[in-house]
Every structure is written in structure tokens, then in C-alpha cells.
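This report concerns only the one structure given below.
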Amino acid sequence: MDQGQPTPFNRQRRQLLGCVCALSVGLPAAASAQDAGTAAAPQVDDLLGYAFGERAGQPVGVDDLQPGAQQIFAYAIDASSGQLRNGSRLHQLLLVRLDPATLAPETAARSVNGVVAYSGVCSHTGCDVTDWNADSHRFQCPCHESQFDPGDGAKVVGGPAPWQLAALPLKAVDGKLAVAGSFEGRLGFQQPGLSPFGI
Ligand code: FES
């Protein structure tokens with residue numbers, strides 16, 4: 001069932017494209033090449049929408065996420081245009097739902113009913129963080145197996161990633177997930193030259 005995750009084919013393609021796109025991060029010309037409306041960072045009160053699949057662009061409900069299930073990908077929705085703010089990969093989000101009682105205090109403060117949101121771009125070489133360890137409840141990056149703990153600020157708990165994933169505060173609006181604040185932490189990644197594709 002389509003829950004907003006990339007298919008295996010698309011995941012590999014996205015990893016490659018992601019690393020290619022990642023090369024442009026930080027270059028002044030990159031932003032001007034993107035749509036100004038959709039490349040903007042998530043804004044407070046934006047709803048979150050599915051990034052991929054049959055429900056792409058539709059708002060994500062709090063109860064769409066099952067506790068402990070694999071993360072889904074989302075972007076903020078520009079309220080004025082109804083478009084996903086998907087012009088920059090750095091604003092791609094991972095959503096996952098955990099037991100609220102297990103969340104670290106700072107993480108709990110950013111969550112809604114156990115749902116937490118983080119940047120979906122690995123801080124190592126910029127791959128999409130697509131994998132999920134259902135036993136340990138950790139995100140895992142498929143490129144070099146860095147692991148992140150979403151219950152504790154997406155801190156790095158394994159692998160070469162140099163810093164935790166940036167966190168996005170959430171709230172609920174009529175049962176839908178919405179943005180409650182700006183990204184907290186560092187967006188982006190360290191070394192695109194280390195991608196497994198030789199880029
Ligand atoms: S890009 Fe994620 S571990 Fe290397």
C-alpha cells in the first residue's frame with residue numbers, strides 16, 4: 001500500500017538524483033533555478049502533504065501514521081497555492097509515530113500525539129533516509145547505514161553521519177499535521193564527494 005514511501009526503483013533513482021541535486025546545495029545559483037513559491041522553507045500553519053504516490057499532495061492526518069510503522073515522506077503545503085513546497089530537497093520531511101511516553105522531553109515538545117518530523121536528507125552525503133529499523137525504531141540511511149533516533153531528536157546512533165537530522169515542530173489542525181515552527185538544527189550534509197555513486 002502506498003504510504004508515501006518511494007518504491008525500491010524510485011528510491012535508488014532518488015538516491016542518485018538526490019546526491020546530484022545535493023551538489024547544488026549552497027550554490028547561490030541553485031535557489032534562483034527553483035520555483036520561489038515551492039522552494040520556500042515550511043511556514044508556520046502549513047499543512048503537511050504526502051510527497052509521493054497516489055496521495056501525493058494530499059494532507060497527512062495524524063492518525064494516518066501507525067505507531068512504530070516505517071516513516072513516510074512529506075512536504076509542507078503552501079496554503080496560498082495548494083502546492084507542495086518541494087522545490088528544495090532540504091525541506092523534504094520524514095514523519096514517524098512513536099509512543100509519546102518514549103520521547104525525550106525536547107522531542108516531545110515538538111511532537112503531536114507521538115508524531116515527529118525531521119529533514120529527510122542524511123547529513124553525511126545527502127542521500128534520502130528511506131529505511132526503518134522496526135525493532136529499534138530508528139531511521140537508517142541506505143547509503144552508508146547511518147542510524148538516527150527519532151525519539152531523541154534524530155541523534156546519530158550509528159554510522160558516519162556527522163550530525164542529527166534537523167527537526168520540524170508539529171501541531172494538529174482539524175486532525176491534520178501542520179507546521180508549528182521553523183526547523184531546529186542544521187539542514188544539509190557534509191560531503192557530497194563520498195556518495196556511493198562516485199559523485
Ligand atoms: S549518506 Fe547517509 S550514511 Fe552516508
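Counting Lys and Arg as +1 and Asp and Glu as -1, what is the net charge of the other residues whose Cβ lies under 13 Å from the Cβ of VAL173?
-1
Between GLN58 and SER182, what is the label-point separation in nm under the 7 Å Cα-to-beta-carbon projection?
3.4
Hey, if you put +1 on the Cβ of every Lys and Arg and -1 on every Asp and Glu Cβ in region 104-199, which of TYR118, PRO169, CYS143 ends up farthest toward the positive end of that dipole?
PRO169
To the nearest 0.05, how large is the calculated FRET efficiency for LYS171 and HIS137 if R₀ is 22 Å and r is the Cβ-Cβ distance?
Calculated value: 0.45.
Local charge sum around ASN133 (other residues, Cβ-Cβ under 14 Å, Lys/Arg +1, Asp/Glu -1)?
With Lys, Arg at +1 and Asp, Glu at -1, the neighbours total -3.
Mind giving me the nanometre distance, one decimal, between the label points for ASP45 and THR102, set 7 Å out from Cα along Cα→Cβ?
Going from the ASP45 label point to the THR102 one covers 3.5 nm.
Read the figures in this text as sums done on the coordinates, not as results from a lab. Just so it is clear, the structure is predicted and the values come from calculations on it, not from any experiment. Neighbour counts run over all protein chains shown; Cβ positions are idealised from the backbone, glycine included.
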